[in-house]
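Enquirer: One structure follows; several queries about it will come next.
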Amino acid sequence: MNLEKARFNMVEQQIRPWEVLDPGVLELLFAVKRELFVPAPHAALAFADMEIPLGHGESMMQPKVEARILQELAVRPEETVYEVGTGSGYLTALLARRARHVTSAEIHADLQQAARANLARAGVANVTLLHGDSARAPLGESAWDVIVITGSTPELPQAFLDRLAPGGRLFAVVGDAPAMKAVVVERGASGGVRRTEVFETLLKPLVNARQPARFRF
């Protein structure tokens, strides 16, 4: 496989048509080598427009979704990021290249270990990896400039909104299949929040995601 040609095709045929036009995001997709984060059995799928299995029913998101997340959040060099669901570490690496520091939580210990190796291989050092269940709240007590939730959740727990710093942004995919919405929640300087729906998608649910009360007959 000609990796650079495949990477170019991914950007031009999948990502640009999905309204990802930020030059900084597009440059980052060339700089961070996606193939370093793909499990060996699926290496040939590194640039495919699909989710790539990681084990435990988890998967890497489609490249166009990862790119839209980066564009919508517009992470700045002085900001800190909290990521729910490290997965392969690829989105972690993309965020880390834009942020001051990324803290990422992963519930599956073997995925965390693989992500650690992937990040080291890619030369990404400004990341702290945590092992634990972060589906309903961030681990630790810090406030964050940016929070990224990489699995869907039927409803967005207030605990995440409470941990957004003033001026912070949160990305999540909220709802149940087949009606899920990717949303960005922004916290204003005065503490109020604004929620914007940015696109429709389907995303596998977080393990242990909070479930709303549902009416039963």
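Enquirer: Could you tell me whether the range 52-61 includes any residue that is modelled with pLDDT of 95 or more and part of a helix (DSSP H, G or I)?
Expert: no
Enquirer: Can I ask one more? Here is a check on your reading of the model: is Met60 aliphatic (A, V, I, L, M), in contact with a strand residue (DSSP E or B) (Cβ under 8 Å, 6 or more places away or on another chain) and either free of Cβ contacts under 8 Å to residues at least 24 places away in the same chain or surrounded by 12 or more Cβ atoms within 10 Å (Cβ to Cβ) (or both)?
Expert: Numbers: aliphatic (A, V, I, L, M): yes; in contact with a strand residue (DSSP E or B) (Cβ under 8 Å, 6 or more places away or on another chain): yes; either free of Cβ contacts under 8 Å to residues at least 24 places away in the same chain or surrounded by 12 or more Cβ atoms within 10 Å (Cβ to Cβ) (or both): yes.
When the stated conditions are applied, Met60 passes them.
Enquirer: Could you please give the count of residues in the range 82-102 that are in contact with a strand residue (DSSP E or B) (Cβ under 8 Å, 6 or more places away or on another chain) and either part of a loop (DSSP other than H, G, I, E, B) or surrounded by fewer than 23 Cβ atoms within 10 Å (Cβ to Cβ) (or both)?
Expert: Here the count works out to 8.
Enquirer: Then there's this: Considering every residue within the range 170-184, establish whether at least one is basic (Lys, Arg), assigned to a strand (DSSP E or B), farther than 21 Å from Glu78 by Cβ and at pLDDT 95 or above.
Expert: Of the range 170-184, the ones basic (Lys, Arg) are 181.
The next check asks that each one be assigned to a strand (DSSP E or B); those that pass are 181.
Cutting the leftovers down to farther than 21 Å from Glu78 by Cβ gives us 181.
The next check asks that each one be at pLDDT 95 or above; those that pass are 181.
For the range 170-184, residues basic (Lys, Arg), assigned to a strand (DSSP E or B), farther than 21 Å from Glu78 by Cβ and at pLDDT 95 or above: present.
Enquirer: Does Asp176 satisfy the criteria of being of a type in the set (Asp, Glu) and over 25 Å from Ala40 (Cβ atoms)?
Expert: On the way: of a type in the set (Asp, Glu): yes; over 25 Å from Ala40 (Cβ atoms): yes.
So Asp176 fits the description; yes.
Enquirer: For the range 87-101, state whether one or more residues are more than 18 Å from the chain's Cα centre (by Cα) and modelled with pLDDT of 95 or more. Walk me through it before giving the result.
Expert: Start the filter on the range 87-101 by keeping residues that are more than 18 Å from the chain's Cα centre (by Cα), which leaves none.
No.
Enquirer: Still on this structure: Please specify each residue of the range 105-116 satisfying the condition of being within 20 Å of Val81 (Cα to Cα) and aliphatic (A, V, I, L, M).
Expert: Passing the criteria: Ala105, Ile107, Leu111, Ala115.
The values are calculated or read from the model by the stated rules, or taken from the named source; none is laboratory data. What you see is a predicted model, and the numbers here were worked out from it, not measured in a lab. Because the Cβ atoms are built from the backbone with ideal geometry, glycine has one as well, and the counts that use them run over all protein chains shown.
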